[in-house]
Amino acid sequence: MRKRDSADSKGKRPPVKSRSRRGNIPNPKSQQLAGESEDATGSMLTTNQGLRIENDQDSLKAGERGPSLLEDFLLREKITHFDHERIPERVVHARGSAAHGYFQVFEDMSDLTSAAFLRDPSVKTPVFVRFSTVAGSRGSSDLARDVRGFATKFYTQEGNFDLVGNNMPVFFIQDAIKFPDLIHAVKPEPNNEMPQAASAHDTFWDFISLMPEAMHMIMWVMSDRAIPRSLRMMEGFGVHTFRLVNAKGKSRFVKFHWKPVLGLHSVAWDEAQKISGKDPDFHRRDLWEAIEGGNPPQWDFGVQVVEESQEHDFDFDLLDPTKLIPEELVPVRLIGRMTLDRNPENFFAETEQVAFHVGNVVPGIDFTEDPLMQGRLFSYTDTQLIRLGGPNFHEIPINRPVVPVHNNQRDGHMRQTINRGTASYEPNSTGGGCPMQAGALAGGFVSFPRRVEGAKVRGRSEKFRDHFTQATLFFNSQSEVEKDHIVEALRFELGKVQRAPIRERMVGLLAYVNPVLASRVAEGLGLPGAPKVEAPLNHAVPADEPAGSRDPKKARGKAKGSRSVELSPALSMEKTPKDSIATRKVAILAAAGVDEESLTRVQKSLTAAGAAGKIVAPRLGYLKGSKGSDFLIEFSFLTASSVLFDAVYVPGGAASVASLAAERDAVDFVAEAFRHCKTIGATGEGVGFLAGCPGLEALAGADPEKGGKKRSGEPEGVVVAEKGTEDFARSFIAAAKMHRHWTRQGRNRTVAPSDGEETRGREAKGTSR
């Protein structure tokens, strides 16, 4: 609630106080960037050479109505710069958002690594994090079903360390040589440039249906992980197996994890599609507003550490990027926390020009022979050269380390550094031998001396051949609701595929993951069960490979290694913490005559819990409460939608509810929120309004109880009461903490037969979607 005050009476909302630049300890990266910033306040207009401009309205002409003159250097400079303002967008991860912050380790990790930023708990290491979708262009929607990039640049005192990962711990392919094929397949089809930012088309699924190694990743992408509620509510992973090396030279394998403090949450697929139309900048806006509003997102940094002696103890290969280490086998040890507390000053200069590279490491962190990682070590530098115009992209302010740079690299396109002296080679005597090499004790990077030997071959480890065990593990570890969502996602995606053989091949591969999954997907596609597909299914093998290797069934058996699990509860989003509504947005539907007492009390309770209650009304401006107070209306039904909020509350007040009942958009607002399984609350006459909304008819004629206690037969996640008391607010907030009440979506679909079972009906619970 915001009552009218002197500032509001002038038609202006008070400015939001940003806490994004707070802090007692200066951030060295922020200080460095401040020296590169330009503020034109109170300044004269000039050219790029500093010449003051007298007239920026008219080009130089031969007479007032004559032709423009070639000598107009002001026009040429301005137009030329404008013509070159755009740089090539990223081939992948083009659509991104970013923020500044810092990372702080919890305790000294010297036992694991010599990396300085992981050894001193008192140091706040500056970071810049870019989140992104993979397949779409810069102008695509934030809510595409897609992998999300999670790239973190640590500006450490030993140089930049880039952890360039995703929100999923595995990838589609095992070897970097297939990356161009993957991206060519998932991008819009070349003949018609459709569809944008979507994998639901023939070329992608044609590729996947011939590449069984992608099946584990497909389970992740078809799950709710691919449609996060917020960038602030998704996990991050380094994907590859890295090395941590301590000062004694002892190496261990490590997987990197980011765990969101707010928990792991998603949206419904129907909701994601609608958000794309209502607000395609939904994730970008959410991140920006959270930071500007003083709610900095946070993630805990975790590691899974495997001793070198245990490298071959698993039934998968640690170097295989299509495999993960189940947390039940190797728990994630949380070792630090990252906080993002400052938005970029300029999107292009920072978010668009930032250049990440898997090869940017510091002493104490090293690579493995993961064949996908090995290719990335080449690809990233090559990409920056073409995208950012030359070899000096590291001198762009956002990419500069906070420590001095000294080397013999010179010249090149857009060189910024003015190097002194005559020696640009090493060794030299004219420059006193400088810059000189640094020994290991002086912080010089020393690659871990892993013994490497073997015949020069194009091939993969035998353990790489099992493409289905972990895909099955992921699917079987999901809750029943999550399994339903995977089935629906596959039905949607494959339903968009025009070529029947591709659909059939995919269902054939799904049968190796889980027969019931395959049958349910086949049912949705109108196929007679899981169709028998002619061998070979696997075309992702060398030309001279034995024919038997093309049969995924023959490669299904477990490889040597004793450590494995049948179920991994950690893979289910159902297990995420559900103990807070911090930063959630609650729509309060109201109009003139609203029950002022209930509205005020509930809104205060939401604010105290860290959420934001926003009034949505038939029109913008202000509305008068039942006691004459004015309340700011922040959204109208034309500017808001239920998909942009996490929960809905309808306070009482006869006049208010009558106005809402006359608004079809208000009824649709509640019905849609109910369909998307969100928490809905109402008090007083608001309960009757809910009863008039589709799906909530069971509330008709009910007498709201005091305190908001749940009654028998009341839909899950719907809280009603006579007044907006503190008891009601507590019950409403407790329900909202659950994020979604998925049981409302219904369980009335048919389970397809498996292993000779007869088809059986599922009992419906609540309402069906």
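The values are calculated or read from the model by the stated rules, or taken from the named source; none is laboratory data. Everything numeric here is computed off the predicted structure, so don't read it as measured data. FYI the Cβ positions are ideal-geometry reconstructions off the backbone, even for glycines, and counts take in every protein chain you see. These accessible areas exclude ligands, DNA and RNA; they are computed on the full protein's heavy atoms, side chains included. Shrake-Rupley method; radii C 1.70, N 1.55, O 1.52, S 1.80 Å.
A compact table of results
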item	result
In region 310-324, the residues that are part of a loop (DSSP other than H, G, I, E, B) and over 21 Å from the mean Cα position of the chain (by Cα)	GLU311, HIS312, ASP313, ASP315, PHE316, ASP317, LEU318, LEU319, ASP320
Answer residue from region 206-216, given it is surrounded by 21 or more Cβ atoms within 10 Å (Cβ to Cβ) and not hydrophobic (A, V, I, L, M, F, W, C) and is nearest to GLN174 (Cα to Cα) among those	GLU213
Residues located in region 134-187, provided they are aromatic (Phe, Trp, Tyr) and either without any contact (Cβ under 8 Å) to a residue 40 or more places away in the chain or open to solvent by less than 10 Å² (accessible area, probe 1.4 Å) (or both)	PHE150, PHE154, TYR155, PHE161
Residue in region 718-725 that is polar (S, T, N, Q), at pLDDT 55 or above and open to solvent by 60 Å² or more (accessible area, probe 1.4 Å) present	no
Candidate set from region 653-666 (those that are in a helix (DSSP H, G or I) and under 23 Å from LEU606 (Cα atoms)); member that is most open to solvent (accessible area, probe 1.4 Å)	VAL657
Test for ARG119: is it closer than 30 Å to LYS248 by Cβ and basic (Lys, Arg)	yes
Sole residue being in contact (Cβ under 8 Å) with a residue 40 or more places away in the chain and either acidic (Asp, Glu) or open to solvent by 20 Å² or more (accessible area, probe 1.4 Å) (or both), chosen from GLU504, GLU493	GLU493
Exclusive hit being surrounded by fewer than 19 Cβ atoms within 10 Å (Cβ to Cβ) and touching a His at 6+ places or on another chain (Cβ under 7 Å), set GLY390, GLY294	GLY390
Within region 330-346, tally of residues that are in a loop (DSSP other than H, G, I, E, B) and open to solvent by 20 Å² or more (accessible area, probe 1.4 Å)	4
Conditions (1) under 15 Å from PHE150 (Cα atoms); (2) hydrophobic (A, V, I, L, M, F, W, C); (3) open to solvent by 40 Å² or more (accessible area, probe 1.4 Å): number failed by MET234	(3)
Enumeration of residues in region 166-184 that are touching a Ser or Thr at 6+ places or on another chain (Cβ under 8 Å) and closer than 15 Å to PRO212 by Cβ	VAL170, PHE171, PHE172, ILE173, GLN174
Among (1) over 30 Å from PHE316 (Cβ atoms); (2) at pLDDT 90 or above - the single one ALA442 does not satisfy	(2)
Those residues of region 406-436 which are open to solvent by 80 Å² or more (accessible area, probe 1.4 Å) and either among the aliphatic types (A, V, I, L, M) or not in a loop (DSSP other than H, G, I, E, B) (or both), in sequence order	MET414, ILE418, MET436
Condition broken by MET219, with the remaining ones in (1) open to solvent by 20 Å² or more (accessible area, probe 1.4 Å); (2) outside any loop (DSSP other than H, G, I, E, B); (3) farther than 30 Å from TYR102 by Cα satisfied	(1)
Residue pairs meeting the criteria (Cβ under 7 Å; at least 6 apart or on separate chains; first farther than 14 Å from VAL657 by Cβ, in region 592-608; second among the aliphatic types (A, V, I, L, M) and in a helix (DSSP H, G or I))	ARG601/ALA729; VAL602/ALA729; SER605/ALA729; SER605/ILE733
From VAL497, VAL521, VAL487, residue being part of a loop (DSSP other than H, G, I, E, B) and either modelled with pLDDT of 95 or more or among the basic types (Lys, Arg) (or both)	VAL497
Residue that is most open to solvent (accessible area, probe 1.4 Å), among those in region 307-321 that are closer than 13 Å to GLN174 by Cβ and not hydrophobic (A, V, I, L, M, F, W, C)	ASP317
Residue ID - nearest to ARG730 (Cα to Cα), chosen from residues in region 560-590 that are β-branched (Val, Ile, Thr) and either modelled with pLDDT of 95 or more or under 19 Å from the mean Cα position of the chain (by Cα) (or both)	ILE581
Filter result for LYS124 (open to solvent by 20 Å² or more (accessible area, probe 1.4 Å) and in contact (Cβ under 8 Å) with a residue 24 or more places away in the chain)	yes
Near pairs, Cβ below 9 angstrom, 6+ apart or cross-chain, from region 514-535 (more than 17 Å from ALA471 (Cβ to Cβ)) to any residue that is outside any loop (DSSP other than H, G, I, E, B) and modelled with pLDDT under 75	ALA535/ALA547; ALA535/ARG550
Sole exception among (1) open to solvent by less than 40 Å² (accessible area, probe 1.4 Å); (2) free of Cβ contacts under 8 Å to residues at least 60 places away in the same chain; (3) closer than 18 Å to SER199 by Cβ for ALA471, by number	(2)
Residue that is under 20 Å from ASP317 (Cα atoms) and modelled with pLDDT under 95, where the choices are ALA530, ALA511, ALA540, ALA535	ALA540
Residue in region 240-257 that is in a loop (DSSP other than H, G, I, E, B) and open to solvent by less than 10 Å² (accessible area, probe 1.4 Å) present	yes
Tabulated pairs, region 685-696, first at pLDDT below 95, second polar (S, T, N, Q) and open to solvent by 20 Å² or more (accessible area, probe 1.4 Å), C-beta under 7 angstrom, 6+ apart or interchain	GLY695/THR767
Lone unmet requirement of (1) in contact (Cβ under 8 Å) with a residue 60 or more places away in the chain; (2) farther than 22 Å from PHE347 by Cα for GLY432	(1)
Residue ID - farthest from ASP551 (Cα to Cα), chosen from residues in region 187-212 that are assigned to a helix (DSSP H, G or I) and out of contact with any Asp or Glu (no Cβ under 9 Å at 6 or more places or on another chain)	ASP206
Checking GLU327 against (1) among the acidic types (Asp, Glu); (2) open to solvent by 10 Å² or more (accessible area, probe 1.4 Å); (3) at pLDDT below 95, the condition it does not meet	(3)
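Conditions tested, residue by residue: (1) outside any helix (DSSP H, G or I); (2) modelled with pLDDT of 95 or more; (3) surrounded by fewer than 22 Cβ atoms within 10 Å (Cβ to Cβ).
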site	(1), (2), (3)
VAL670	no, yes, no
PHE674	no, yes, no
GLY707	no, no, yes
LYS710	yes, no, yes
PHE728	no, yes, no
PHE732	no, yes, no
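Yes/no per residue for (1) assigned to a loop (DSSP other than H, G, I, E, B); (2) touching a Ser or Thr at 6+ places or on another chain (Cβ under 8 Å); (3) modelled with pLDDT under 95:
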{"site": "ASP270", "(1), (2), (3)": "no, no, no"}
{"site": "GLN273", "(1), (2), (3)": "no, no, no"}
{"site": "PRO280", "(1), (2), (3)": "yes, yes, no"}
{"site": "ARG284", "(1), (2), (3)": "no, yes, no"}
{"site": "ILE291", "(1), (2), (3)": "no, yes, no"}
{"site": "GLY294", "(1), (2), (3)": "yes, yes, no"}
{"site": "PHE301", "(1), (2), (3)": "no, no, no"}
